[in-house]
Amino acid sequence: MKKAGTLCGQSAAELAQNAHSQDVIVAALGLATLNALTPSGLVSAGDILDLLAIEPTETVGMVGYFGSLVGPLKSQAKR
């Protein structure tokens, strides 16, 4: 990962932006950040969905159950 060693000190919002990366390792970092923030109450389902910017043509998979995201994801994604 090109960013290795440079992540310390970044905000959760900065790290979450990595979820948009085409590099699966970098995207996993962003998704892990979002995952960590969800149960903490620091971000809401709307915040996460805004950051992910799911397109109507996309298929979304979820690892784990995040009840507050299920309905909104179903309405935003193709599948």
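Give me the extension gain from V60 to K2: residue separation times 0.36 nm, minus the current Cα-Cα distance, reported in nm with one decimal.
Numbers: separation 58, 0.36 × 58 = 20.88 nm, distance 2.62 nm.
Once the chain is fully extended between V60 and K2, it gains 18.3 nm.
Would you mind ranking I25, I54, I48 by Cβ crowding within 10 Å, fewest neighbours first? Don't skip to the end; give the middle numbers.
On the way: I25 12, I54 18, I48 22.
Exposure proxy ranking, most exposed first: I25, I54, I48.
By its C-alpha gyration tensor, with a ≥ b ≥ c as the square roots of the eigenvalues, how is the stretch 12-76 shaped: rounded for a/c under 1.5, else prolate for a/b larger than b/c, else oblate? Present the calculation step by step, with values, prior to reporting the outcome.
Working: a/c = 1.59, a/b = 1.09, b/c = 1.46.
Oblate is the answer for the stretch 12-76, as a/c is 1.5 or above yet b/c matches or exceeds a/b.
For the chain, the longest principal axis of the C-alpha atoms and the axis of helix 24-37 are separated by about 70°.
Return the FRET efficiency for the residue pair K74, V24: r is the Cβ-Cβ distance, R0 is 22 Å, and the value is rounded to the nearest 0.05. List each step's numbers first, then the result.
Details: r = 24 Å, r/R0 = 1.08.
FRET efficiency, K74 to V24: 0.40.
Each Lys and Arg Cβ is given +1 and each Asp and Glu Cβ -1; about its Cα centre, the chain then shows a dipole of about 180 debye. Cβ-to-Cβ counts within 10 Å put T6, T33, T38 in ascending order as T6, T38, T33, the fewest first.
Please give the calculated 222 nm ellipticity per residue for the chain, where each DSSP H segment of at least 4 residues contributes -39500 (n - 2.57) and the sum is spread over every residue; nearest 500 deg cm²/dmol?
Working: 4 runs with 37 residues, N = 79.
My calculation for the chain gives -13500 deg cm²/dmol from helical runs alone.
Bear in mind that the values in this text are calculations on the coordinates, not laboratory data. Everything numeric here is computed off the predicted structure, so don't read it as measured data. All Cβ positions, glycine included, derive from the backbone under ideal geometry; neighbour counts span all protein chains shown.
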